[in-house]
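Visitor: Pasting in a structure now, in structure tokens, and then I'll have a few things to ask.
The values are calculated or read from the model by the stated rules, or taken from the named source; none is laboratory data. Worth saying up front: this structure is predicted, and the values here are computed from it rather than measured. Quick reminder, even Gly has a Cβ in these numbers, built from the backbone with ideal geometry, and neighbours come from all protein chains shown.
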Amino acid sequence: MSNPINQYNQLDPAIEARVEALLQQMTLAEKVGQLVQITPSTMPDPDQLTELLAKIGSGEVSMDALFQPRPDLAELIRSGSIGSLLNLANPEQINQFQCIAVEESRLGIPLIVGSDVIHGFRTIFPIPLAEACTWNPDLLEQASRVAATEAAAAGIDWIFAPMVDNSRDPRWGRVAEGSGEDVFLGGAMAQARVRGFQTAVLPGGRNIAACPKHYVGYGASEAGRDYNSTELTERTLRELHFPPFAAAFAAGAGSVMSAFNDISGVPASANPFTLKTVLREEWQWPGVVLSDFGAIAELVPHGVAADLKAAARLAILAGVDMDMMNDAYAPHLAELVAEGSVPEAVVDESVRRVLRLKLGLGLFERPFTDETLLDQTILSDEARQLALEVAQQSIVLLKNEGDLLPLPTSQRLAVIGPLAAARRDMLGMWTLFGKEEDAETVLEGIARYVADATYAAGCSLTGQEGVEETAVLAAIDQADVVVLVVGEGANMSGEARSRARPGLPGQQQALADLVAQTGKPLIVVLMGGRPLIVPRLLEQADAVVMAWHGGICAGRAVADIVFGTVNPSGKLTMSWPRHEGQIPVYYSHKSTGRPMTGEGVPQFGEPFKSRYIDLPNEPQFPFGFGRSYTTFEYADLVVETAVLPINGTLAVSATVRNSGTRAGSEVVQLYIRDLVGSVTRPVKELKGFQRITLQPGEAQQVRFELPVAQLAFWDAHMQYRVEPGEFQVWIGSDSASGLVGSFAVV
Ligand code: BGC
């Protein structure tokens, strides 16, 4: 059954009538109240917060430690001074607050409770970047449904996800939270996640609203430093940063979160172009814009507002409907209206949007959560099974020399490395409600296959105190093969976790050096929230498995891959740099006037090309790359129609054959290039993908249909249109290979 929120983009006359009836009765103070979202607790200061989150993660204290109710909360709700609460998930508490809102406030308008449920609520899935590496939107939709089901049982109405910011910079810690660098793939994943959150009625008849974020351009933070400025032309915004949001809205998302960053001088949370011209006028989108946490208050340090009152004015006039933890609208909005610097009609419009969201969710009919549901809902067997499947499909095999993997269980194994027995880190960067005890470690996963693996951590994750040489060598001594589990901890990616040197922290490379010196066959299981720049390690290892932070089933999924119960099928959704100096490195770059390679392009002699003199241009591993234990051969590219009308559809196919000895899944990718445009076009653009499974020797014709309309771009006059001309098309296994053909649009 579909969630009413999905119809939200078409206004429902019945809901509109109720919105107007309510609005007529509201005082200005009550209207402002609907635009205010706060946490129910007094926020611990940032140092305390980090410490508390660590303790919650390790199970030392419960989530309730975060929750020191504001003494004035009941009164704020009763007087209609707040419309929404964030980041709580205790159904009893939520019901108590809701009861005050519904039964004791003058108009009985229910609260809406929002929360960060980024890669699962209690059943923790792999981090979103890893999830995207499955290239399996159906699976992600199911995972998001599980997250929504558990969150709804906890009393949450509004999920602050999916994070749809594209990024080409793995220094930025928040790449862990997104789908990677690509606009097409990002849109597909955004839609899957929104559908998963919003479709179907959840436990207790509840509904969930998704909140794609962070609108807009946040992923372009300069130098990969979180919260940093962005310099984005209108063309870049339109080509790269708007589309995943448009995709999420098309899938029914009825709210969006405005970002922290400024965009070429105008902060995203006070940006009339992105918030009004595009969202409201061009897209006619009627949803709620919620500020990010403190993003309105940040207009002051951005230097576009002298104080909070000026910030409130800029934000509401630009179209930010709801204030998340800024303390800007509550104290200043009514005054701004009274003195005539904000028209009341602007406030009314924002209130309409918020009421529409609440009515669309059915909160007026079902304000309360059945408190008995949570325990029966979380961590079901099906949910765990799904978490395992996502983790298995998200793992990317980067290297496998001499087919070292998969390992037979008869080998004597040494497991080394600080992440081998790490539990909390398996959960990944953003798991407010996940529990360490739910996660399986790699060591435990391996123990499912071999009972007597020896183990030594070898060093700590980040410390500089040196390698425990004796213990490591003793553990390795009798082993036939070493599995080295290294990488970043969960708290080294995510918000505010930018890294200028995203490599192996601490003494882990020294540990790898020690292990490599023994000359034993070396399998590296790498973990992290981003592609890690580890060229030396990649060189030393015979086989490398990128396991990200795989959620509660991470350990088991790694073992299933290592021992070959599961054949790896994940593919990178971010190009993997060789060196920090290459960043940003991405597959859909422009040709430049001095390209390194390119058929039919006049070539300058060395060294006058767009290149480094000390590094190749190519990344270590390209976008779309990932190995399998079998091999896939591509043949017989057929472009069915070589000349297409502007309203036509390109049909192109290739035969993919499993030429190895194991069954395996392959993500078949479709890329195009527009050879001559009125503006420069990328050398490749992903336009389609299909995940197929083939038995040894089996072949399948994989056919894509691509409407010519999807070749449109913003031309020299900023018109969105298809320009007739010549195109190349590839079907291949990643962005750097494939069979190539051509077609023309006339
Ligand atoms: C993050 C958002 C998040 C919000 C609420 C902010 O710091 O940028 O992504 O939804 O906090 O927790």
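Visitor: Any residue that is closer than 16 Å to Pro568 by Cα and in contact with a helix residue (DSSP H, G or I) (Cβ under 7 Å, 6 or more places away or on another chain) - is there at least one of those in region 371-385?
Guide: No - not one qualifying residue is present in region 371-385.
Visitor: Just checking, which of Ala475, Ala391, Ala414 is in a helix (DSSP H, G or I) and more than 24 Å from Ala130 (Cβ to Cβ)? I'd like the intermediate steps shown before the answer.
Guide: Working: Ala391 fails: more than 24 Å from Ala130 (Cβ to Cβ); Ala414 fails: in a helix (DSSP H, G or I).
Just one listed residue meets the conditions, Ala475.
Visitor: A further question follows. Is it true that some residue in region 490-501 is surrounded by fewer than 19 Cβ atoms within 10 Å (Cβ to Cβ), among the small types (Gly, Ala, Ser), under 29 Å from the mean Cα position of the chain (by Cα) and away from the ligand (no atom under 16 Å from the Cβ)?
Guide: Yes: region 490-501 contains one or more residues that are surrounded by fewer than 19 Cβ atoms within 10 Å (Cβ to Cβ), among the small types (Gly, Ala, Ser), under 29 Å from the mean Cα position of the chain (by Cα) and away from the ligand (no atom under 16 Å from the Cβ).
Visitor: Which of the numbered conditions does Asn166 fail, given that it passes all the others? Conditions: (1) within 16 Å of the ligand (Cβ to nearest atom); (2) in a loop (DSSP other than H, G, I, E, B); (3) within 22 Å of Arg627 (Cα to Cα).
Guide: Looking at each condition in turn, Asn166 falls short on (3).
Visitor: Ile112 fails exactly one of the following numbered conditions: (1) surrounded by fewer than 17 Cβ atoms within 10 Å (Cβ to Cβ); (2) among the aliphatic types (A, V, I, L, M); (3) under 19 Å from Glu365 (Cα atoms). What is the number of that condition?
Guide: Going through the list (1) surrounded by fewer than 17 Cβ atoms within 10 Å (Cβ to Cβ); (2) among the aliphatic types (A, V, I, L, M); (3) under 19 Å from Glu365 (Cα atoms), Ile112 breaks only (1).
Visitor: Then there's this: Can you tell me which residue among Ala654, Ala635 is within 30 Å of Val545 (Cβ to Cβ) and surrounded by fewer than 20 Cβ atoms within 10 Å (Cβ to Cβ)?
Guide: It is Ala635.
Visitor: Do you know which residues across region 273-306 are among the β-branched types (Val, Ile, Thr) and either away from the ligand (no atom under 16 Å from the Cβ) or closer than 16 Å to Tyr218 by Cβ (or both)?
Guide: Scanning region 273-306 gives Thr274, Thr277, Val278, Val289, Ile296, Val300, Val304.
Visitor: So how many residues does region 230-245 have that are more than 16 Å from the ligand (Cβ to nearest atom) and hydroxyl-bearing (Ser, Thr, Tyr)?
Guide: Going through region 230-245 one residue at a time, the tally reaches 2.
Visitor: What's the total number of residues in region 246-272 that are more than 12 Å from the ligand (Cβ to nearest atom) and either in contact with a helix residue (DSSP H, G or I) (Cβ under 8 Å, 6 or more places away or on another chain) or among the aliphatic types (A, V, I, L, M) (or both)?
Guide: Matching residues across region 246-272 total 15.
Visitor: Sort out which residues of region 404-432 are closer than 15 Å to Ile552 by Cβ and either over 30 Å from the mean Cα position of the chain (by Cα) or surrounded by fewer than 24 Cβ atoms within 10 Å (Cβ to Cβ) (or both), and write them in order of number.
Guide: Passing the criteria: Arg423, Arg424, Leu432.
Visitor: Considering only residues that are more than 24 Å from Ile94 (Cβ to Cβ), among the β-branched types (Val, Ile, Thr) and away from the ligand (no atom under 16 Å from the Cβ), which ones fall in region 121-154?
Guide: Within region 121-154, just Thr134 meets the criteria.
Visitor: Mind listing just one residue for me: the one in region 521-545 that is in a loop (DSSP other than H, G, I, E, B) and among the hydrophobic types (A, V, I, L, M, F, W, C) and, of those, nearest to Leu484 (Cα to Cα)?
Guide: Only one residue fits best here, namely Ala541.
Visitor: Now a separate question. Taking Val450 as meeting all but one of (1) hydrophobic (A, V, I, L, M, F, W, C); (2) in a loop (DSSP other than H, G, I, E, B); (3) crowded, with 24+ Cβ neighbours inside 10 Å, write down the number of the exception.
Guide: (3)
Per-residue answers, yes or no, for (1) surrounded by 24 or more Cβ atoms within 10 Å (Cβ to Cβ); (2) part of a helix (DSSP H, G or I):
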{"residue": "Ala190", "(1), (2)": "yes, yes"}
{"residue": "Val194", "(1), (2)": "yes, yes"}
{"residue": "His214", "(1), (2)": "yes, no"}
{"residue": "Ala223", "(1), (2)": "no, yes"}
{"residue": "Leu232", "(1), (2)": "no, no"}
{"residue": "Arg235", "(1), (2)": "no, yes"}
{"residue": "Ala248", "(1), (2)": "yes, yes"}
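Visitor: Go through (1) more than 27 Å from the chain's Cα centre (by Cα); (2) within 26 Å of Val396 (Cβ to Cβ); (3) part of a loop (DSSP other than H, G, I, E, B) one by one and return the number of the condition Val676 breaks.
Guide: (2)
Visitor: A further question on this structure: Report, ordered by the first and then the second residue, all pairs with beta carbons closer than 6 Å, sequence separation of six or more or different chains, a first member in region 67-79 that is at pLDDT below 95, and a second member that is of a type in the set (Val, Ile, Thr).
Guide: These pairs meet every condition: Gln68/Thr42; Arg70/Thr42.
Visitor: Also, I was wondering about something else. Give the residue that is farthest from Met718 (Cα to Cα), with candidates limited to residues of region 651-698 that are hydrophobic (A, V, I, L, M, F, W, C) and touching a Phe, Trp or Tyr at 6+ places or on another chain (Cβ under 6 Å).
Guide: Checked region 651-698; the qualifying residue farthest from Met718 (Cα to Cα) is Val656.
Visitor: If you don't mind, another one. Can you go through Val300, Val337, Val354 and tell me which one is touching a helix residue (DSSP H, G or I) at 6+ places or on another chain (Cβ under 6 Å) and surrounded by 22 or more Cβ atoms within 10 Å (Cβ to Cβ)?
Guide: Checking each option against the conditions leaves just Val354.
Visitor: Look through region 502-518, keep the residues that are among the aliphatic types (A, V, I, L, M) and surrounded by fewer than 22 Cβ atoms within 10 Å (Cβ to Cβ), and return whichever of them is farthest from Pro408 (Cα to Cα). Step through it out loud before you land on a result.
Guide: Taking region 502-518 as the starting set, the residues that turn out to be among the aliphatic types (A, V, I, L, M) are 504, 510-512, 514-516.
Keeping just the survivors that are surrounded by fewer than 22 Cβ atoms within 10 Å (Cβ to Cβ) gives 510, 514, 516.
On the way: Ala510: 28, Leu514: 25, Ala516: 21 Å.
If we take residues in region 502-518 being among the aliphatic types (A, V, I, L, M) and surrounded by fewer than 22 Cβ atoms within 10 Å (Cβ to Cβ), then Ala510 is farthest from Pro408 (Cα to Cα).
Visitor: Can you tell me which residue among Asp169, Asp165 is surrounded by 24 or more Cβ atoms within 10 Å (Cβ to Cβ), farther than 30 Å from Ala383 by Cβ and acidic (Asp, Glu)?
Guide: Being surrounded by 24 or more Cβ atoms within 10 Å (Cβ to Cβ), farther than 30 Å from Ala383 by Cβ and acidic (Asp, Glu) holds for just one of Asp169, Asp165, which is Asp169.
Visitor: Just checking, which of Glu75, Glu103, Glu30 is surrounded by 13 or more Cβ atoms within 10 Å (Cβ to Cβ), outside any loop (DSSP other than H, G, I, E, B) and more than 16 Å from the ligand (Cβ to nearest atom)? Walk me through how you get there before you give the answer.
Guide: On the way: Glu75 fails: surrounded by 13 or more Cβ atoms within 10 Å (Cβ to Cβ); Glu103 fails: surrounded by 13 or more Cβ atoms within 10 Å (Cβ to Cβ).
Exactly one of Glu75, Glu103, Glu30 is surrounded by 13 or more Cβ atoms within 10 Å (Cβ to Cβ), outside any loop (DSSP other than H, G, I, E, B) and more than 16 Å from the ligand (Cβ to nearest atom), namely Glu30.
Visitor: Which of (1) away from the ligand (no atom under 16 Å from the Cβ); (2) within 20 Å of the chain's Cα centre (by Cα) does Ile118 not meet, given it meets every other one?
Guide: If we test Ile118 against (1) away from the ligand (no atom under 16 Å from the Cβ); (2) within 20 Å of the chain's Cα centre (by Cα), just (1) comes out false.
Visitor: Of everything in region 200-215 that's in contact with an Asp or Glu (Cβ under 8 Å, 6 or more places away or on another chain) and not charged (D, E, K, R), which residue is nearest to the ligand (Cβ to nearest atom)?
Guide: Quick first cut of region 200-215, residues in contact with an Asp or Glu (Cβ under 8 Å, 6 or more places away or on another chain) only: 203-204, 206-209, 213-214.
Those still in the list that are not charged (D, E, K, R) too: 203-204, 207-209, 214.
Details: Pro203: 23, Gly204: 24, Asn207: 19, Ile208: 15, Ala209: 13, His214: 6 Å.
That would be His214.
Visitor: Please give the number of the condition Val342 fails out of (1) touching a residue at least 60 places away in the same chain (Cβ under 8 Å); (2) assigned to a loop (DSSP other than H, G, I, E, B); (3) within 30 Å of Leu107 (Cα to Cα).
Guide: All conditions are met except number (1).
Visitor: Give me a count of the residues in region 84-100 that are within 16 Å of the ligand (Cβ to nearest atom) and in contact with a helix residue (DSSP H, G or I) (Cβ under 9 Å, 6 or more places away or on another chain). Even if it seems obvious, please write down each step before you answer.
Guide: Here is the first cut: in region 84-100, the residues within 16 Å of the ligand (Cβ to nearest atom) are 84-89.
Next, from what is left, pick out any that are in contact with a helix residue (DSSP H, G or I) (Cβ under 9 Å, 6 or more places away or on another chain): 84-85, 87-89.
Total meeting the criteria: 5.
Visitor: What number of residues within region 377-400 satisfy the criterion of being buried (at least 23 other Cβ atoms within 10 Å of the Cβ), under 18 Å from Ala154 (Cβ atoms) and not β-branched (Val, Ile, Thr)?
Guide: Count: 2.
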